[in-house]
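The values are calculated or read from the model by the stated rules, or taken from the named source; none is laboratory data. As the structure is a prediction and not an experimental result, all values here were calculated from the model. Neighbour counts are summed over all protein chains in view; Cβ atoms, including those assigned to glycine, are modelled from backbone coordinates with ideal geometry.
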Amino acid sequence: MVGTLPPSLAVGMLTVGPKALPDADVKGHLFDVDGTLIDTMPLFFESWIDVCSGFGLSITEQQFYGFAGLPLAEIVRLLHQAAKGCDPPDGFIDRLLAAKKAAHDANEVRLGHPPPIGCVARLARESVAAGLPVCVATSGLRDHVEAHLVRTPIQACGFPFVPTTASIPLARRPPRASPTYSLASSS
């Protein structure tokens, strides 16, 4: 499968560290969705910009990408701590996330659905065609991710879904992984 990726990708985009797995040894694929399988990140960033100021918060693009993989409620908590020096009051996170979801939905209607990331989507389709197990995972809202999968040609692959970090209690989550895995985690 690795051989099907564009030759212009850097070596670090094809492997995780110094380890490489021969194509014949691949037993299946777990794809991250947002920013790896589907190009959702610009649309998500825009919805954060749209709502943060109305709640007395701000977010930079660098912060946004640095929060990759964190549950949305945790992002809100961190932004509130940075802006106000304390945890948000009861109900604040739910109100902000409801406003963010509405802003995201409105932006998606206005700007269109996010497209799949071509080389990763191709790898996913080729994996399914080769009979390899394929599934997707996300730290995002399951309903957003499922809608994005349905609205792209990727859904025809029929991926099973792995629980989102938002659906796993904080105390049971594994330590946070580095967000520098995008394409590497897909092979």
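Against the list (1) part of a helix (DSSP H, G or I); (2) free of Cβ contacts under 8 Å to residues at least 12 places away in the same chain, the condition residue 121 fails is (2).
Tell me, yes or no, whether segment 62-71 has at least one residue that is among the small types (Gly, Ala, Ser) and assigned to a loop (DSSP other than H, G, I, E, B). For segment 62-71, residues among the small types (Gly, Ala, Ser) and assigned to a loop (DSSP other than H, G, I, E, B): present. Evaluating residue 97 against the criteria (1) within 25 Å of residue 146 (Cβ to Cβ); (2) touching a Ser or Thr at 6+ places or on another chain (Cβ under 8 Å) leaves one unmet condition, (2). Each residue in segment 56-68 was checked for being in contact (Cβ under 8 Å) with a residue 24 or more places away in the chain and crowded, with 18+ Cβ neighbours inside 10 Å, and 2 of them qualify.
Here residue 114 qualifies as touching a strand residue (DSSP E or B) at 6+ places or on another chain (Cβ under 7 Å), surrounded by 12 or more Cβ atoms within 10 Å (Cβ to Cβ) and part of a loop (DSSP other than H, G, I, E, B). Of all residues in segment 25-49, those satisfying the criterion of being part of a loop (DSSP other than H, G, I, E, B) and surrounded by fewer than 17 Cβ atoms within 10 Å (Cβ to Cβ) are 26, 27, 28. If you check 34, 90, 25, 94 for being in contact with a Gly (Cβ under 7 Å, 6 or more places away or on another chain) and either assigned by TED's automatic domain parsing to the domain that holds residue 127 or of a type outside the set (Gly, Ala, Ser) (or both), only one passes: 34.
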